[in-house]
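**Student:** Supplied in structure tokens, the structure appears directly below.
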Amino acid sequence: MTDPKSCLLLSVPEKKSAQAVDIIKPISSYIGENFSEHETEAQDDLETVQDLRTHVVSSPQGLENRRDYLIKYFRALCAMELRFPISKEKEHIHTISFAWYDAFKTGKKTSQHNIHFEKAAILFNLAAVQSQQGVAANRGDPDGLKAALKAFQEAAGSLELLRDVLGMKVGPGATTDISVECTNVLINVLLAQAQECVHEKCLAEDKNPAIVAKVGKQVSIFYENANANVQSSALTSYFDKAWQSHLSLKATHFKADAFYRSSLVSKAEEQIGPQIARLRQASALLSGAKRGARGSLNSPAVQAMNGLEGVVTAALTKATKDNEVVFMELVPQPDTLPVLTGHPLVKPIPPGDILNMTGEDLFARIVPDTGTKALSKYTDMVDCLIR
């Protein structure tokens, strides 16, 4: 019923670069015009950045390797951003254009003379790789489950940074995948999958059904939030039907599972009426979801629901028979039962390793424009005091 191998989790697809980018020549020219004394020593740094981008867009083997290159390149972009203005303005570096395909609509691409667009694409791909690490982890093993839990939260954290910070600096016309609406969907999916890992951990450790019910209910809430965002006008026809069906089925599965776990609480308290009512709620949800998923009957999500439905049906049949023969209790109406609430035990983990520029030595001898202005202001102040 809850075998990790049968519970399909989604990974975020990566964006693909739409064209090669020559970083060295345009920035070398800018350095020669503005920082000529550092032109020679900056050449090695520019070649390093170009090499990093080559590795990033060519998808080196191994997720850990790929993650490391994305982080290194993002940090390199941060170092460049402080020193080299890239835009359409003629007095800036205006011959560098970054072009990327949409991760979900792979035939659509956008290009911008904007380093923030490049950073947004790299951060999106970092989240994608982190999500792939979560899916690849062996959740049947405690260490693997822990790794998956961490990876999904890290992926959500990378997308949260993209949504809240970088997304605001990307120009109009960017691909939909890095929009607020799309990142909201993906963040909720990743948090749902992280919470799902917690659910699996609770079951493996035989936690109290009341706890499992709250954890499972929160899984369904995250999936419901993701599904609601998918239905927004900004994302009409953007995600394919398989994704939408998956989110809906997962939301229903874990809501029904929460009802089932709640029935176990009632059973332990020898309250067979509420037990039957909860089982009926679970059964009705699962039956309705299966009727609406006729085109996805062979999907792992439907197969997982079939397993849960078998357990619920067997428990409901037995409880109903016991009540008719022994207990003869009234079964309460669903709307008279306490509302099940979720309990979130996961959250986005910010990508601190890409934001901490301590020790970053690329272009270290080229003082950023803000630093030059601050130094000039300080020098003027000292001169004034001396005079």
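All of the numbers you see were taken from the coordinates with simple rules; none came from a lab. None of the values given here were measured: they were computed from a predicted structure. A quick note on method: Cβ atoms are made from the backbone with ideal geometry, for glycine too, and the neighbour counts reach across all protein chains shown.
**Student:** Given points 7 Å out from each Cα along the Cα-Cβ axis, report the residue 325 to residue 357 separation in nanometres with one decimal.
**Tutor:** 7.5 nm
**Student:** Ok, one more. Under unit Cβ charges (Lys, Arg +1; Asp, Glu -1), what dipole magnitude, rounded to 20 debye, does region 207-352 have relative to its Cα centre? Display every interim value, and only then the final one.
**Tutor:** Working: 16 positive and 10 negative charges, 70 e Å.
That gives a dipole near 340 debye.
**Student:** Using only Cα atoms, figure out Rg for region 39-140 and give it as a multiple of 2.2 N^0.38 Å. Could the numbers behind the result be given before it?
**Tutor:** Numbers: Rg = 15.4 Å, N = 102, 2.2 N^0.38 = 12.8 Å.
After normalising by residue count via 2.2 N^0.38 Å, the value is 1.21.
**Student:** With all pairs of different alpha carbon atoms counted, what Kirkwood hydrodynamic radius in Å does region 286-369 show?
**Tutor:** The Cα-based Kirkwood calculation yields 19.4 Å.
**Student:** Between residue 87 and residue 141, what FRET efficiency follows from the Cβ-Cβ distance if R0 is 35 Å, with the result rounded to 0.05? Let's see the in-between values first.
**Tutor:** Numbers: r = 49 Å, r/R0 = 1.40.
Here the calculated transfer efficiency is 0.10.
**Student:** With a Cα-only, solvent-free Debye model of the chain, what are the log10 I(q)/I(0) values at q = 0.08, 0.09, 0.15 Å⁻¹?
**Tutor:** For the requested q values the scattering log ratios are -0.53, -0.63, -1.25.
**Student:** For an R0 of 22 angstrom, estimate the FRET efficiency from the Cβ-Cβ distance between residue 343 and residue 268 and round to the nearest 0.05. Provide the component values of the computation, followed by the final result.
**Tutor:** Details: r = 19 Å, r/R0 = 0.88.
After rounding, the FRET efficiency stands at 0.70.
**Student:** Running a GNM on the chain with Cα contacts under 10 Å, which residue among 132, 153, 231 ends up with the highest mean-square fluctuation?
**Tutor:** It is 231.
**Student:** Can you compute the helix-only [θ] at 222 nm over the chain? Use -39500 (n - 2.57) per DSSP H run of at least 4 residues, normalise by all residues, nearest 500 deg cm²/dmol. Before the final figure, lay out the partial values.
**Tutor:** Numbers: 12 runs with 236 residues, N = 387.
It lands at -21000 deg cm²/dmol.
**Student:** Taking 0.36 nm per residue of sequence separation and subtracting the Cα-Cα distance, how much length would be gained by fully extending the chain between residue 236 and residue 287, in nm to one decimal? Can you show the working numbers first?
**Tutor:** Values: separation 51, 0.36 × 51 = 18.36 nm, distance 2.74 nm.
This chain segment gains 15.6 nm when fully extended.
**Student:** Once the Cα atoms of region 34-75 are picked out, what are the Rg and Dmax in Å?
**Tutor:** Every Cα atom of region 34-75 included, Rg and Dmax give 12.9, 40 Å.
**Student:** Of all GluC sites (Glu not before Pro) in region 12-108, which ones are in loop regions per DSSP and have a Cβ with at most 10 other Cβ atoms within 10 Å?
**Tutor:** Values: sites: 14, 33, 37, 39, 41, 47, 64, 81, 89, 91; in loops: 14, 89, 91.
Filter output for region 12-108: 89, 91.
**Student:** I would also like to ask the following. Given charges of +1 on the Cβ of Lys and Arg and -1 on the Cβ of Asp and Glu, with all other atoms neutral, how large is the dipole of region 1-97 about its Cα centre, in debye to the nearest 20? Walk me through the numbers on the way to the answer.
**Tutor:** Numbers: 12 positive and 16 negative charges, 130 e Å.
It works out to roughly 620 debye.
**Student:** Please give the contour-minus-distance gain from residue 367 to residue 105: 0.36 nm per residue of separation, less the Cα-Cα distance, rounded to one decimal in nm. Mind showing how you got there, number by number?
**Tutor:** Numbers: separation 262, 0.36 × 262 = 94.32 nm, distance 4.05 nm.
Extending this stretch completely gives an extra 90.3 nm.
**Student:** With respect to the cross-link table entries 119/150; 207/250; 207/347; 214/241; 25/90, which display a Cα-Cα separation exceeding 19 Å?
**Tutor:** Values: 119/150 23 Å; 207/250 21 Å; 207/347 21 Å; 214/241 29 Å; 25/90 16 Å.
Pairs exceeding 19 Å: 119/150; 207/250; 207/347; 214/241.
**Student:** Return, for the Cα atoms of region 223-345, the radius of gyration and Dmax in Å, separated by a comma.
**Tutor:** Cα-based Rg and Dmax for region 223-345 come out at 16.5, 56 Å.
**Student:** Anyone know which of 17, 97, 59 comes out most mobile in the 10 Å Cα GNM of the chain?
**Tutor:** 59
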